[in-house]
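The values are calculated or read from the model by the stated rules, or taken from the named source; none is laboratory data. The shown structure was predicted, so the numbers you read here are calculated from the model rather than taken from an experiment. Cβ placement follows ideal geometry from the backbone for every residue including glycine, while neighbour counts extend to all protein chains displayed. Just the protein is used for accessible areas: all its heavy atoms, side chains included, with ligands, DNA and RNA removed. Shrake-Rupley method; radii C 1.70, N 1.55, O 1.52, S 1.80 Å.
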Amino acid sequence: MAADYRPMWTELGMDLKAHDALLDALGKAYQDVFLSQKVRPEGMSYLDFVMSEVHGLRIKELNDARATGRKVVGTFCVFVPEEIVLAADAICVGLCAGAEFGFEEAEKLLPRNTCGLIKSAFGFKLTKVCPYTQSSDMVVGETTCDGKKKAYEIFKDIQPNVYIMEIPQMKNTADRQLFASEYWRFKEAVEKLTGVTITAERLKKAIITVNNKRKALHRLALLRATDPAPISGLDSLLINQVAFYDDPVRFTGAINKICDELEGRIKQNSGVAPKHTPRVLISGCPMSVPNWKLPLVIETSGAVIVGEESCVGERGQRNLVDEKPHTIEGEMEALIDRYFKIDCAVFTPNQDRTDHIISMAKEYKADGVIHYALQFCSPYTVESYLVEKELAKHGIPMLKIETDYSMEDVGQLKTRIEAFIETFRQPAWSH
Ligand code: BJ8
């Protein structure tokens, strides 16, 4: 980080000593995981810069915006519509955390058998190391899994301004009505927070901005269908993670540039791994920064990751909002239509998700699927049974991984993943 941000962090009420320890660990991990990769696209230097300033320059940008009266809205879930936030001239940031930090403090408030994602959000807040949470004027929780919805009741004690959005658990007509009414209620809450009335014109602009971001991410996803893969799964995951923090217009430009570069690589038949390298699709729980453990193990075990069926990945970013409506009612309907399609495992039944995994595996020519569930995450752990059964019908092998944020099981994971990859590795003579 170029500048001295310590006065800014102090002003945000952060614990500088704990924060130093976090940044130190993050910097080392980033060096080992990302910068040590070979033949990275040059455009990834943008992501390297963003990550080097993720608690610095980006937070300063948020601070500067807040000084002019703009608001920051923190979220934990892709059901929160970024378009509504942007339409009110506010800034949307993801707050999910992917590190085992502050767990001891978190476990004083939450049961030990709570998933790492929830514990990490609590840990970051309790140890005062997350400048995004500290900068948020509103934090949106949602009634998705039981762990989250009950945890927000406690989170309210340590974080002011928590807003709860109700998310139904089925996709029937009555559920769609509830979902729609919750989106209208959220629009009102954001208008109240910002003092900005969301007009059709404002919302249209925001819809186009977020659609463009999704189009860039989808463009990237499609390029990964090529063999040899033009970009690693680790770098692709990082891009999807940064999508939750960065300015959407700037980010979209940077990702499109990376895609241009990848198209050049594809023309030259060059990639990050040799042709015929085993190809893996990851499916399951979202992976937040700095949760890079599983992709690192996979890509250092002789495979390349070609897609993420995850909220930090294609589940979170697919499907555009219809840009045709020009009334606020029509735009809200279009927004609700798009978001109601998200096939999170908290829904029942949830056949769409399995269908999507199968179509992704085929489209990106994956040899196998690694299903990732965070320990103690019931929705994804339970759903993995049905996913595996359906995939088997299509001849797609699947390996179930249940893990947490600790590094203790890396050796064991590597053994299992290497054995899984060997089952579909093509012998060299067959190429
Ligand atoms: S739309 S996946 S971002 S809820 S890992 S906290 S499910 S116990 S994160 Fe999610 Fe929204 Fe769904 Fe996506 Fe609970 Fe599981 Fe923990 Fe999870």
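Based on alpha-carbon atoms only, what is the radius of gyration of region 317-431 relative to the globular estimate 2.2 N^0.38 Å?
1.38
Binned at 10 Å from 0, what are the whole-percent values of the Cα-Cα distance distribution for region 244-287, short to long?
21, 30, 41, 9
Please report the orientation-averaged projected area of region 207-296, defined via the convex hull of its C-alpha atoms, in nm².
With every direction weighted equally, the projected area is 6.1 nm².
Using the Cα centre of region 182-229 as the reference point, and only Cβ charges (+1 on K/R, -1 on D/E), how large is the resulting charge dipole? Debye, rounded to the nearest 20.
120 debye
Cα convex hull of the chain: mean projected area in nm², to one decimal?
20.0 nm²
Where only protein heavy atoms count, and the probe is 1.4 Å, what is the accessible area per residue for region 347-426 in Å²?
50 Å²
Sorted by packing (mean other beta-carbon atoms within 10 Å per residue), highest first, where do 121-128, 277-284 land?
Highest mean packing first, the order is 277-284, 121-128.
Going down the list Lys365/Lys393; Lys267/Lys293; Lys213/Lys362; Lys293/Lys414; Lys38/Lys293; Lys213/Lys365, which pairs span over 20 Å between their C-alpha atoms?
Over 20 Å apart, Cα to Cα: Lys267/Lys293; Lys213/Lys362; Lys213/Lys365.
Quickly rank 414-422, 305-313, 34-42 as a protection proxy: mean count of other C-beta atoms within 10 Å, highest first.
The peptides rank, most packed first, as 305-313, 414-422, 34-42.
Above 21 Å lies some portion of the pair distances; for region 130-253, what is it as a whole percent of all C-alpha pairs?
Result for the distance tail: 60 percent.
Taking region 1-124 on its own, what percent of its Cα-Cα pair distances exceed 26 Å?
33 percent
I'd like the projected area of region 382-425, averaged over all directions, using the convex hull of its alpha carbons. Report it in nm² with one decimal.
About 3.7 nm², averaged over all directions.
How large a share of the accessible area of the chain, in percent, is made up of carbon and sulfur atoms when the probe is 1.4 Å and the other protein chains stay in place?
Carbon plus sulfur share of accessible area: 55 percent.
Using the Kirkwood formula on the Cα atoms of region 107-172, what hydrodynamic radius do you get, in angstrom to one decimal?
So the Kirkwood estimate lands at 12.6 Å.
Averaged per residue, what accessible surface does region 134-234 expose to a 1.4 Å probe, in Å²?
Per residue, region 134-234 has 42 Å² of solvent-accessible surface.
Using only Cα atoms, find the angle between the long axis of helix 328-340 and the longest principal axis of the chain, and express it within 0 to 90 degrees, rounded to the nearest 10.
Around 40 degrees separate the two axes.
Bin all alpha-carbon pair distances of region 266-363 at 5 Å intervals from 0 and give each bin's fraction as a whole percent.
2, 11, 16, 17, 17, 14, 10, 7, 4, 2, 0
Give me the distance between the Cα centres of region 167-243 and region 363-425, rounded to whole Å.
27 Å
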